[in-house]
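Asker: Below are the structure tokens for one structure; questions will follow.
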Amino acid sequence: MTRRLFLRVFGGLVAVFLLVVAFSITQYVRAHPRDPLQQNVASWARENKMGAIVDKLEEWLHNDPPAVAPADSLTLAITPDTDAPTQTSTTVTASPSNSSTTTSVPDIITPLQIRPTVATSSCPIDNTAATVVTSTTTSSSSTTTTSSTTTTTTVPVPETTTSTSTTTIPSKPDDIPSQLLPALPSEGTWQAIMRVRTKPLVYATSIRPLWCFGSVVATMATFDPTRVHTAMFNGTEMPGGKGWKNSSKIRGTALRSLIASFNGGFRFEHQPGGYVTEGKTVRKMREGYATLAISQDGTSTVGVWGDTITKEGSWASLRQNLPPLVHNGKSVYANYPKVDWGNDFGNKVYNFRSAICLRTDGLMMFVAVGKVNIGMLADTLVVLGCKTGMELDINGQWPYFAVYSDFGKATRWGKIIDNRMGDPNRHLNGSTKDFFALFDPDTLPAGAVK
């Protein structure tokens, strides 16, 4: 074979290969039209055994640490429920309704002051700076600073009480003190974003949680696990398979009772641990791993398998996603140096991440924050008052939490809580990955979900 003929044959084979790849990617994208192109291409590559290439590209694309300069806006994308009381306070003060206190704070402090409430490995507290800030805000907020710090860091709530008692769980979480002053409008102020029969069931807020990386913004949603019915749904790719009662979309009679939904965990090639639901063990549970557990009555919790979550075999669904990031209110991710927290490459990959935690007050909380590495995510959970927390999905628009309009009707519409999230109707139209949904237990028909 001559050199010219060889080059022609080789070029033809490459062209055919590229056409086949382009056709395959096109078919995948057409099957998931509401997902971003980059996300679709990455998922297609992982489905076709090219995950290592995707990991290297993510390392290259996400190796810039977040900026120190504070963000001048938050990421909360949803307006408070129309029946929710409005609050005008833009800083953490003694009383949100005290207009004189609210307007006087900017006159007392200067921009870009810090007021850290919790010492973290990402942002250790400078005692000198903390003293200066405290002294400049004593006249308006010293009382609140003390009570807020106590609430978010030192109030223990036994995990067993979250599934059996409602007396220790507050109807609304305490507002979160801003780590940077002056605070942005409504920063850290919980707003009701989903009501059922006039009663608020989901609250949300946004905050800059890391004072030394002010550009990092987190959006959170909380719910009382004893007042909603939680169920796990199964994506077309994760876990895949057929015959699921809770399939890749929320439909049927359960749709009328839908309150909210949020994303699940990693793809299985990242070795996320156990996956058990609808009487099937898709992946075996792993001792010591963080676990989102759902009981037969729909009550959910987050704990550690074999430690705070027992293995008595009565759970309806169990989802693991690596060891805990936070346990007993402390960051513990560093205890697992060999764990791949999403191809973190030495803790140098900064991206949009999500997590779920059981708070110290007994509420469950979903967190979406970015761009951060795994240590910053763990520190964020500590600052926000988590008792036990686990990482969920990361990258792109996979972090996701939505509430739904027109409760009680057959047609529902999603509303995402963070402007970095994707299609608000993802869990109504079909999801490639597993996810969790919250329902009103009083109107949910028996047997509508597993």
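The values are calculated or read from the model by the stated rules, or taken from the named source; none is laboratory data. Computed from a prediction, not measured in an experiment: that's the story for all the values here. Reconstructed Cβ throughout: ideal geometry from the backbone, glycine too, with neighbour counts over all protein chains shown.
Asker: Would you tally the residues in region 433-450 being farther than 23 Å from THR226 by Cα and assigned to a strand (DSSP E or B)? Explain how you work it out, then say what you get.
Answerer: Of the residues in region 433-450, the ones farther than 23 Å from THR226 by Cα are 433.
Filter once more, keeping what is assigned to a strand (DSSP E or B): none.
Summing the residues that are farther than 23 Å from THR226 by Cα and assigned to a strand (DSSP E or B) in region 433-450 gives 0.
Asker: Let me ask something else. Residues that are in the same structural domain as ILE416 (by TED's automatic domain parsing) and either free of Cβ contacts under 8 Å to residues at least 24 places away in the same chain or out of contact with any strand residue (DSSP E or B) (no Cβ under 6 Å at 6 or more places or on another chain) (or both): find the strands (runs of 3 or more DSSP E) completely inside region 246-298 holding 1 or more of those.
Answerer: Hits in region 246-298: 280-283.
Asker: Return yes or no: is SER405 out of contact with any Asp or Glu (no Cβ under 7 Å at 6 or more places or on another chain) and surrounded by fewer than 18 Cβ atoms within 10 Å (Cβ to Cβ)?
Answerer: yes
Asker: What is the one condition in (1) touching an Asp or Glu at 6+ places or on another chain (Cβ under 9 Å); (2) at pLDDT 95 or above; (3) of a type outside the set (Asp, Glu) that LYS371 does not satisfy?
Answerer: (2)
Asker: Here's a follow-up. Yes or no: region 385-392 includes at least one residue that is farther than 24 Å from MET285 by Cβ, touching a Lys or Arg at 6+ places or on another chain (Cβ under 7 Å) and either charged (D, E, K, R) or surrounded by fewer than 24 Cβ atoms within 10 Å (Cβ to Cβ) (or both).
Answerer: For region 385-392, residues farther than 24 Å from MET285 by Cβ, touching a Lys or Arg at 6+ places or on another chain (Cβ under 7 Å) and either charged (D, E, K, R) or surrounded by fewer than 24 Cβ atoms within 10 Å (Cβ to Cβ) (or both): absent.
Asker: Additional query: For region 250-272, what are the residues that are touching a helix residue (DSSP H, G or I) at 6+ places or on another chain (Cβ under 6 Å) and modelled with pLDDT of 95 or more?
Answerer: ILE250, SER261
Asker: Please count how many residues of region 412-432 are in contact (Cβ under 8 Å) with a residue 60 or more places away in the chain, surrounded by fewer than 23 Cβ atoms within 10 Å (Cβ to Cβ) and outside any strand (DSSP E or B).
Answerer: Selection size over region 412-432: 10.
Asker: Out of all the residues in region 267-282, which are charged (D, E, K, R) and farther than 13 Å from MET232 by Cβ?
Answerer: Just the residues of region 267-282 that are charged (D, E, K, R), to begin with: 267, 269, 278, 280.
Within region 267-282, ARG267, GLU269 meet the criteria.
Asker: Return the residue satisfying two criteria in turn: it lies in region 369-384 and is hydrophobic (A, V, I, L, M, F, W, C) and closer than 19 Å to PRO272 by Cα, and of such residues it is nearest to the chain's Cα centre (by Cα).
Answerer: Top of the filtered list is LEU377.
Asker: Conditions: (1) under 16 Å from LEU381 (Cα atoms); (2) part of a loop (DSSP other than H, G, I, E, B); (3) not aliphatic (A, V, I, L, M). SER206 meets all but one. Number of the miss?
Answerer: The one condition SER206 does not meet is (2).
Here is a yes/no grid of residues against (1) farther than 29 Å from ILE193 by Cβ; (2) among the aliphatic types (A, V, I, L, M); (3) surrounded by fewer than 17 Cβ atoms within 10 Å (Cβ to Cβ):
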| residue | (1), (2), (3) |
| --- | --- |
| GLY240 | yes, no, yes |
| PHE266 | no, no, no |
| GLU269 | yes, no, yes |
| VAL276 | yes, yes, no |
| THR299 | no, no, no |
| VAL304 | yes, yes, no |
| THR310 | yes, no, yes |
| ALA334 | yes, yes, yes |
| TYR350 | no, no, no |
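Asker: Mind checking whether some residue in region 2-19 is in a loop (DSSP other than H, G, I, E, B), at pLDDT below 70 and surrounded by fewer than 10 Cβ atoms within 10 Å (Cβ to Cβ)?
Answerer: Of the residues in region 2-19, the ones in a loop (DSSP other than H, G, I, E, B) are 2.
Pick out the ones that are also at pLDDT below 70 and you get none.
For region 2-19, residues in a loop (DSSP other than H, G, I, E, B), at pLDDT below 70 and surrounded by fewer than 10 Cβ atoms within 10 Å (Cβ to Cβ): absent.
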